[in-house]
Amino acid sequence: EGFRLHLLDTNKSGYKGVDVSDKTHKRIKYKATLGNQSLGYFDTALQAAVAYARAAARAEVEEEAAAEVEEEALAEAATRTTVAANAEDAVEVGVDGRTEGAVVREAE
């Protein structure tokens, strides 16, 4: 499916995020976990490893998207700060010398 399986030779199952569960009804089950989120129980270690790989790939995409959104928000905030600073310099003083109700030129 194009997912990278996370091999881990120090784990009984052989895969990161996959633990050998207690025998349930005389059958061994494999539990897949990403962080503190259970991904379910599976009949084989490979099935659990694929579930882990899918979840890990999804989490990576979500983290990248969140980082991109945060980066865009920071850039927008920096732009607004610059425009506001330039706008303060561009306030046209009214005829009576007051700035209340004065027109602010758009920063160039």
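Restricting segment 9-50 to residues that are outside any loop (DSSP other than H, G, I, E, B) and among the polar types (S, T, N, Q), which is most open to solvent (accessible area, probe 1.4 Å)?
Of everything passing the filter in segment 9-50, 37 is most open to solvent (accessible area, probe 1.4 Å).
Where residues in segment 51-78 are touching a strand residue (DSSP E or B) at 6+ places or on another chain (Cβ under 9 Å) and open to solvent by less than 40 Å² (accessible area, probe 1.4 Å), which of them is nearest to residue 4 (Cα to Cα)?
53
The values are calculated or read from the model by the stated rules, or taken from the named source; none is laboratory data. Please read all numbers here as calculations on a predicted model, not as lab measurements. All Cβ positions, glycine included, derive from the backbone under ideal geometry; neighbour counts span all protein chains shown. All accessible areas refer to the heavy atoms of the entire protein, side chains included, with ligands and DNA or RNA removed. Shrake-Rupley method; radii C 1.70, N 1.55, O 1.52, S 1.80 Å.
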